[in-house]
Number of protein chains: 2
Amino acid sequence: MGGDHGPSVVVPGVARAAQALPGVRFLLHGDEAKLGAELAKAPAAKAVSEIRHTDKCIAMEEKPAQAMRRGKGSSLWNAVESLRAGEAHACVSAGNTGALMAISKLILRMGAGLERPAIVANWPNMKGVTTVLDVGANVESDAAQLVEFAIMGAAYHHAVHGSKRPTVGLLNVGSEDQKGHEEVREAHAILRETKLDFDYQGFVEGNDIALGTVDVVVTDGFTGNVALKTAEGLARFFSNEIKTTLTSSPLAMLGALIASSALGKMKQRLDPGRVNGAPLLGLNGIVVKSHGGADANGFFSAIRVATDLARSDFSAEIERNLQRLTAPSDKAEGDPVSAVSDGVPE
Amino acid sequence: MGGDHGPSVVVPGVARAAQALPGVRFLLHGDEAKLGAELAKAPAAKAVSEIRHTDKCIAMEEKPAQAMRRGKGSSLWNAVESLRAGEAHACVSAGNTGALMAISKLILRMGAGLERPAIVANWPNMKGVTTVLDVGANVESDAAQLVEFAIMGAAYHHAVHGSKRPTVGLLNVGSEDQKGHEEVREAHAILRETKLDFDYQGFVEGNDIALGTVDVVVTDGFTGNVALKTAEGLARFFSNEIKTTLTSSPLAMLGALIASSALGKMKQRLDPGRVNGAPLLGLNGIVVKSHGGADANGFFSAIRVATDLARSDFSAEIERNLQRLTAPSDKAEGDPVSAVSDGVPE
């Protein structure tokens with residue numbers, strides 16, 4: 001029921017998934033009448049779906065704390081609950097992010113050995129997709145949590161983007177060991193010294209996200225959220241500039257018309273919907289957030305992310321790597337990165 | 001002598017300034033032979049310049065601590081020293097940023113009542129220019145320092161971009177009072193309660209930078225640096241995508257040719273050189289960093305920033321506002337924003 005469009009986007013998204021992802025079935029939680037009307041128009045979706053009726057809904061602007069107190073029996077709550085009950089293998093929602101996170105933490109709890117959840121963003125880059133986490137589940141993260149994010153992010157990239165041995169970088173303001181604040185320097189020391197199922201490549205900087213220098217960029221939720229939203233603002237600015245430019249004169253419009261096929265392909269390549277689907281990692285269950293404004297294609301992309309995760313050995317991979325982290329805080333103590341940073345990034 | 005190009009960019013930049021900024025004169029610190037050769041080709045620059053010879057130079061990759069120890073007598077050192085000695089009103093350098101910051105702090109010291117310097121970035125936005133600070137002088141900032149950045153940033157925007165009463169926002173992961181970590185919530189409380197020479201508009205998010213929601217965006221140096229570099233990476237990605245797209249087929253190339261005048265204007269509008277010149281604010285003197293890769297036009301832009309600051313009552317404005325902050329820590333104590341953030345940004 002969530003997102004800007006509700007069932008009118010969710011059901012066509014399911015229809016696309018029914019064709020592209022054989023064997024996947026759906027429990028659709030929400031208003032029976034509205035869901036039924038959409039399913040009637042989409043026989044492919046109807047064939048693989050079952051409606052679980054509720055007329056209760058969590059509003060997009062509701063506060064997480066309020067949603068936790070009053071959300072029981074809502075479509076969002078029931079979807080997460082069906083996961084806990086073992087009826088579903090993964091949950092996809094275009095609803096209220098804060099409520100989804102709070103209710104998922106409440107019902108599913110954290111995975112074994114994990115302290116904090118993280119929200120993942122997937123950015124198109126020059127080579128493929130960069131996975132960035134955390135982009136907003138937390139406002140602060142200590143070294144141990146950053147290391148967890150690295151482990152979860154690598155397992156995610158492996159499961160969803162198919163990289164055999166993902167490369168991972170820690171976001172910082174420079175590449176030398178003594179750069180940045182204590183948390184990143186300590187996490188750097190732990191990741192450098194532990195043998196894990198991915199290639200830790202050290203510190204990366206903001207520009208490395210779009211360059212695709214590494215598969216997974218690890219950061220705290222404050223920095224990640226600012227970086228993500230800065231990029232979203234800039235993308236909108238550029239796309240406005242291009243539109244303004246190519247309609248600024250009859251000659252420019254003619255040029256745009258002639259180059260329209262190439263420009264259309266570019267638009268498709270840069271389409272954020274192409275990589276829609278932000279998993280909330282670290283929970284005892286697979287929960288994927290679809291962007292509230294996503295279209296059917298974008299919602300389908302989120303379903304695919306959930307399916308790929310559910311069909312992978314993602315959780316086992318996280319557990320295996322967590323076990324390799326023996327007493328990370330002892331390790332960090334003996335580490336040489338205690339020099340005070342000069343604080344200047346260039 | 002600094003930057004990727006040295007005197008071959010600095011002197012033509014001075015020549016442009018000689019014509020556009022009547023009354024400005026220059027002390028050029030560096031190698032007499034190289035500077036003299038460039039000046040011989042640029043009579044407009046020669047007429048307003050005086051060479052101060054030194055054959056010592058700070059390398060672009062030198063560490064700040066090393067530059068401080070061994071930099072005495074170098075062109076960068078002498079330029080800052082001429083400011084302290086009262087021979088110059090402002091200093092512009094395309095050299096090593098870390099060295100420039102360290103040596104400036106050492107020679108000039110902090111301005112009265114100010115704790116920490118900040119590096120400013122100027123971003124083209126949908127309406128004009130957004131001033132963002134700090135983008136890398138510090139890795140962590142407490143509430144009092146964020147408030148100082150707001151005061152310095154507003155005075156800067158007033159002096160250089162001519163806004164009579166700048167609007168200022170504090171970068172956060174949401175707009176509600178209880179969002180973000182303690183430092184931003186405390187700074188928010190101080191800025192909201194103090195009457196200052198600018199309009200504090202509360203929290204802003206990453207996308208507001210490119211939207212131009214406020215004139216000045218205040219953040220800690222870690223977050224600001226990541227946001228700036230993320231944007232730089234994305235800008236490069238987009239410009240590559242456009243280039244690839246418009247050369248992808250004969251038809252696309254024809255379209256680009258026909259629209260070339262409009263595309264050229266767009267390139268000019270988005271040119272980072274147009275807003276080049278990052279002042280190091282908070283020092284006892286005006287120091288402006290030009291991007292190492294800037295061309296003559298970009299270097300001229302940095303000279304203009306320095307000139308505008310030197311000709312404004314920028315320092316007096318900062319002092320006036322600092323005096324209005326009476327015991328900021330007492331104020332924050334009585335503040336109601338103590339609710340624990342739920343940590344989820346949407």
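The values are calculated or read from the model by the stated rules, or taken from the named source; none is laboratory data. Please read all numbers here as calculations on a predicted model, not as lab measurements. Neighbour counts run over all protein chains shown; Cβ positions are idealised from the backbone, glycine included.
Structure data summary
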quantity	calculated
Residue ranges of strands (runs of 3 or more DSSP E) in segment A:86-188 with at least 1 members surrounded by 21 or more Cβ atoms within 10 Å (Cβ to Cβ) and modelled with pLDDT under 90	A:118-124
Test: residue in segment A:192-205 that is crowded, with 20+ Cβ neighbours inside 10 Å and facing chain B (nearest Cβ under 10 Å)	yes
Residue that is of a type in the set (A, V, I, L, M, F, W, C), surrounded by fewer than 24 Cβ atoms within 10 Å (Cβ to Cβ) and under 16 Å from the mean Cα position of the chain (by Cα), where the choices are B:263, B:270, B:283	B:283
Output for segment A:314-326, where each listed residue is closer than 30 Å to residue A:21 by Cα and touching a residue at least 40 places away in the same chain (Cβ under 8 Å)	A:314, A:315, A:317, A:318, A:319, A:320, A:321
Hits in segment A:92-117 (condition: of a type in the set (A, V, I, L, M, F, W, C) and under 14 Å from the mean Cα position of the chain (by Cα))	A:92, A:94, A:100, A:101
Number of positions in segment A:243-252 that are within 7 Å of another protein chain (Cβ to nearest Cβ) and part of a helix (DSSP H, G or I)	4
Counted residues, segment A:3-53 - those being closer than 12 Å to residue A:75 by Cβ, surrounded by fewer than 17 Cβ atoms within 10 Å (Cβ to Cβ) and of a type in the set (A, V, I, L, M, F, W, C)	1
Exclusive hit being assigned by TED's automatic domain parsing to the domain that holds residue A:164, within 19 Å of residue B:263 (Cβ to Cβ) and in contact (Cβ under 8 Å) with a residue 24 or more places away in the chain, set A:235, A:278	A:235
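Per-residue answers, yes or no, for (1) in contact with a Cys (Cβ under 6 Å, 6 or more places away or on another chain); (2) not assigned by TED's automatic domain parsing to the domain that holds residue A:318:
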site: A:83; (1), (2): yes, yes
site: A:101; (1), (2): no, yes
site: A:123; (1), (2): no, no
site: A:133; (1), (2): no, no
site: A:140; (1), (2): no, no
site: A:147; (1), (2): no, no
